[in-house]
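Asker: Got a structure for you, questions after.
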Amino acid sequence: MMKEYKYKITIGMPVYGVEKYIRKCLLSILNQTFDDDIEILVIDDLGPDNSIEIVKELQATHPRGKNIQIITQPQNMGCWAARNRVLKEAQGEYVMLVDSDDYISEDCIEKLYKQAVEHQAEAVYGSVLPVDLEGKALDIGQDFLNQPYLVLEGENALANFANRSVHPTLRDFIWNILFRKDFLDRHHIQFKKARFNDDMICSCDVVPLVTKAVLIPDHTYYYVIRDGSLSNYQGRKEIKLDEVKEFIRIYSYLKNKCLELRSKPYFETRCTKGMILMFFMICGILKNKDRIKPPINNKMIKEAMSHPLALLEILPFTNHKLINLGFYFIGKLPASLSVCIIKTLGKMKHVI
């Protein structure tokens, strides 16, 4: 028996400390060209500013304000928990997540929903336009934010596309994707606890599960780039070791996910991508090593670069064997030598 939904669409957003941006974001949702009612779930994560007062003002004054539901967390819990609250409370047949400091095009839902219905898709990905605070388009060197029009159907179709190269071919942000709610429920999709990058972890879990997806070239989402938002360490005198450890924990999860994908046709490329992601992250840590307090030791860096596979599992590779062998031996060398090699390779990142 098919479940009945109260709304066609639920759009959900965590709200914390976004007083400067929330009005533009919320108006972009309220002013959609989509004819049916859109449920808007605003998850109040108990921020220190007036973000929720602005939401309440729009709730009271906008013609679609009645569709805004404010859900207050019991305490400040972080973005991952707020997103899970959206997934739990959503009453829409389809669910989309938005970051409350970004905004969407006025026809975003109309375009994504049309493709979802036409192709009975579990996930529809819109293209993303990076912009500055004034809305001017920016080139941030991430071409994969712009997609071709593709209908991907089959058990491994989306994951094959995402792993057709060791370079990014599908973004790992979780916003600007219209998901079918029954797909999320059937696979018990949840965001894992993380101080940051919970969307990367969720995308890592979701992509192998999607059996029917649509990608469209239309820019349906505006990703707002603020000063310093592309670099986690930019302009900071001190970086806490606990923060670095959290990055290592998250990227280790992304790296080790390949262990669940041994039977997949994209397995070798997925393993390689996980190692490359970790390598680039470690290069960033080493570049800023003098600012990390207390200091990070070489053993921790070497352990982060350990390969999830055994040597005998890598030797049969038909794709990317040499790069995986290289990473494997970096993780086996004495810690000081391992770090020295990573630093040398970091200066030649263009060859990877």
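Asker: Please go through the stretch 330-352 and give me each residue that is more than 15 Å from residue 275 (Cα to Cα), part of a loop (DSSP other than H, G, I, E, B) and modelled with pLDDT of 95 or more, ordered by number.
Answerer: Across the stretch 330-352, the qualifying residues are 333, 334.
Asker: Say we look at the stretch 209-225 and pick out the residues that are under 18 Å from the mean Cα position of the chain (by Cα) and surrounded by fewer than 17 Cβ atoms within 10 Å (Cβ to Cβ); which of these is modelled with the lowest pLDDT?
Answerer: 225
A quick yes/no check of all residues on (1) in contact with a Ser or Thr (Cβ under 7 Å, 6 or more places away or on another chain); (2) closer than 26 Å to residue 288 by Cβ; (3) of a type in the set (S, T, N, Q); (4) in contact (Cβ under 8 Å) with a residue 40 or more places away in the chain:
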{"site": "316", "(1), (2), (3), (4)": "no, no, no, no"}
{"site": "320", "(1), (2), (3), (4)": "yes, no, no, yes"}
{"site": "327", "(1), (2), (3), (4)": "no, yes, no, yes"}
{"site": "339", "(1), (2), (3), (4)": "no, yes, no, yes"}
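Asker: With the structure loaded, tell me whether residue 277 is hydrophobic (A, V, I, L, M, F, W, C), open to solvent by 20 Å² or more (accessible area, probe 1.4 Å) and either in a helix (DSSP H, G or I) or under 28 Å from residue 322 (Cα atoms) (or both) or whether it fails that test.
Answerer: yes
Asker: Keeping to the stretch 38-57, report how many residues are over 20 Å from residue 88 (Cβ atoms) and free of Cβ contacts under 8 Å to residues at least 40 places away in the same chain.
Answerer: 8
Asker: Here's another thing I want to ask about it. Kindly provide the set of residues from the stretch 233-274 that are under 15 Å from residue 196 (Cβ atoms), open to solvent by less than 20 Å² (accessible area, probe 1.4 Å) and outside any helix (DSSP H, G or I), ordered by number.
Answerer: 239
Asker: Can you pull out the residues in the stretch 309-329 that are crowded, with 17+ Cβ neighbours inside 10 Å, touching a helix residue (DSSP H, G or I) at 6+ places or on another chain (Cβ under 6 Å) and part of a loop (DSSP other than H, G, I, E, B)?
Answerer: Those that are crowded, with 17+ Cβ neighbours inside 10 Å, touching a helix residue (DSSP H, G or I) at 6+ places or on another chain (Cβ under 6 Å) and part of a loop (DSSP other than H, G, I, E, B): 317, 320.
Asker: Further question: Which condition number does residue 296 fail, the rest of (1) more than 19 Å from residue 254 (Cα to Cα); (2) open to solvent by 80 Å² or more (accessible area, probe 1.4 Å) being met?
Answerer: (2)
Asker: For the stretch 123-157, which residues satisfy the criterion of being under 19 Å from residue 216 (Cα atoms), open to solvent by 30 Å² or more (accessible area, probe 1.4 Å), touching a residue at least 40 places away in the same chain (Cβ under 8 Å) and among the hydrophobic types (A, V, I, L, M, F, W, C)?
Answerer: Across the stretch 123-157, the qualifying residues are 129, 150, 151.
Asker: Looking only at the stretch 299-308, which residues are touching a Ser or Thr at 6+ places or on another chain (Cβ under 8 Å) and either open to solvent by 30 Å² or more (accessible area, probe 1.4 Å) or assigned to a helix (DSSP H, G or I) (or both)?
Answerer: Initially, the stretch 299-308 is screened for residues touching a Ser or Thr at 6+ places or on another chain (Cβ under 8 Å), giving 301-302, 304-305.
301, 302, 304, listed by residue number.
Asker: If a residue must be farther than 20 Å from residue 175 by Cβ and modelled with pLDDT of 95 or more, how many such residues does the stretch 118-135 contain?
Answerer: Number satisfying all stated conditions: 3.
Asker: Given the conditions (1) among the hydrophobic types (A, V, I, L, M, F, W, C); (2) under 23 Å from residue 197 (Cβ atoms); (3) part of a helix (DSSP H, G or I), which single one is not true for residue 296?
Answerer: If we test residue 296 against (1) among the hydrophobic types (A, V, I, L, M, F, W, C); (2) under 23 Å from residue 197 (Cβ atoms); (3) part of a helix (DSSP H, G or I), just (3) comes out false.
The values are calculated or read from the model by the stated rules, or taken from the named source; none is laboratory data. Because the structure is a prediction, the values reported are computed rather than measured. Backbone-built Cβ (ideal geometry, glycine too); neighbour counts: all protein chains shown. Ligands, DNA and RNA are excluded from the accessible area calculation, which covers all protein heavy atoms including side chains. Shrake-Rupley method; radii C 1.70, N 1.55, O 1.52, S 1.80 Å.
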